Amino acid sequence: MEQVVFRQRMEALVEAEQVIRKTEYSMANRHFHDTYELYYLLEGERYYFIDKETYLVGPGDVVLVRPNQIHKTSMARNSYHNRILLQIKGGALDPFLKENGFHTLREVYDRNPQIISLNPKDAEAVKSMVIQIKEEIQEKQREYELMVKVKLLELLVLLTRYRKNVLPDRTEQTVLTAKHLKVHEVADYLQTNPGTKESLEELARRFYISKSYLSRIFKEVTGFGVNEYTNIVRVKKAQNLLVYGEYSVTEISELLGFESITYFERVFKKYTLYTPLRYRREKRA
């Protein structure tokens, strides 16, 4: 059973929603987007996979996910959970943040740990701010766009202040079950070696497990098949090389282990909606 408490969107800036789920739920497989995500768990427990690690998230925890990070939530001990989610577009909010002497969203997300455990007082404050954002979008009173930006700034200041005052003594709760550790090991290898051309069978042999077991646990933990995860890692690396490197598209395709430039272009467009050349032109403009 799923109960949508609210879901409101302010076009080109932010989407806010609160959802309560009482049955087993695992996020859709393809979770990889260009917005800044703020996930706040009010009740329950969840496993949260980010890039190559899985964290145990509990009540009062905020998860900060940067654009294009691979991530997925899944059930921990019980299926029931109540969470709030914000999807924020940095390009729309950053000018307002800078005008008010604050960091860009990228700086906020880079300076903070990915998992922030709030005390009860701050947890209530975060919940209140998100609800106010939702109400401003819903009611659309005069100057509501400004109020939404103000509330987002207030929320980001709270998280940044909280990190400075409270978080140095906290360590993130990485999940250490045998299954998760093996998946983290494989994911770390793929992140470090995006150009590998090893087959699923060769990867399984490298990590001393069967091909079928690797395929099953990797999909359970990350939400992606091994090949799809590898392609996403390659696309993320290609994005960086296209913007900051001087390699040609053909050279990037070869460096990252794609079987042909045609296949590289098809995979790149699938995840970014751009061809590699168009992506380079627009991001360097």
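Okay, here's what the table says:
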| quantity | calculated |
| --- | --- |
| Only Lys, Arg (+1) and Asp, Glu (-1) charged, at Cβ; the chain dipole about Cα centre in debye | 300 debye |
| Extension gain from R206 to E282, taking 0.36 nm per residue of separation minus the Cα-Cα distance | 23.4 nm |
| Given K134/K236; K72/K179; K197/K236; K237/K269, the pairs whose alpha carbons are separated by over 24 Å | K134/K236 |
| Distance from region 233-285 to region 73-152 (C-alpha centre basis), Å | 32 Å |
| Between helix 144-166 and the chain: long-axis angle, C-alpha atoms, 0 to 90°, nearest 10 | 70 degrees |
| Environment charge of T250, counting only residues whose C-beta is closer than 14 Å and scoring Lys/Arg +1, Asp/Glu -1 | -4 |
| C-alpha long axis of helix 226-244 to longest principal axis of the chain, angle in ° | 80 degrees |
| Two-site FRET efficiency, K179 against E43, from Cβ-Cβ distance with R₀ of 35 Å, rounded to 0.05 | 0.85 |
| For the chain, calculated [θ]222 nm from helices alone, where every DSSP H run of n ≥ 4 adds -39500 (n - 2.57) | -15500 deg cm²/dmol |
| Per residue, in Å², the accessible surface of region 149-282 once ligands and nucleic acids are set aside, probe 1.4 Å | 55 Å² |
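The values are calculated or read from the model by the stated rules, or taken from the named source; none is laboratory data. Note that the coordinates shown come from a computational prediction; the quantities given were computed from them, not determined experimentally. Every residue, glycine as well, gets a Cβ built from its backbone with ideal geometry; the counts of neighbours run over all protein chains shown. Please note that ligands, DNA and RNA were not included when accessible areas were found on the heavy atoms of the full protein model with its side chains. Shrake-Rupley method; radii C 1.70, N 1.55, O 1.52, S 1.80 Å.
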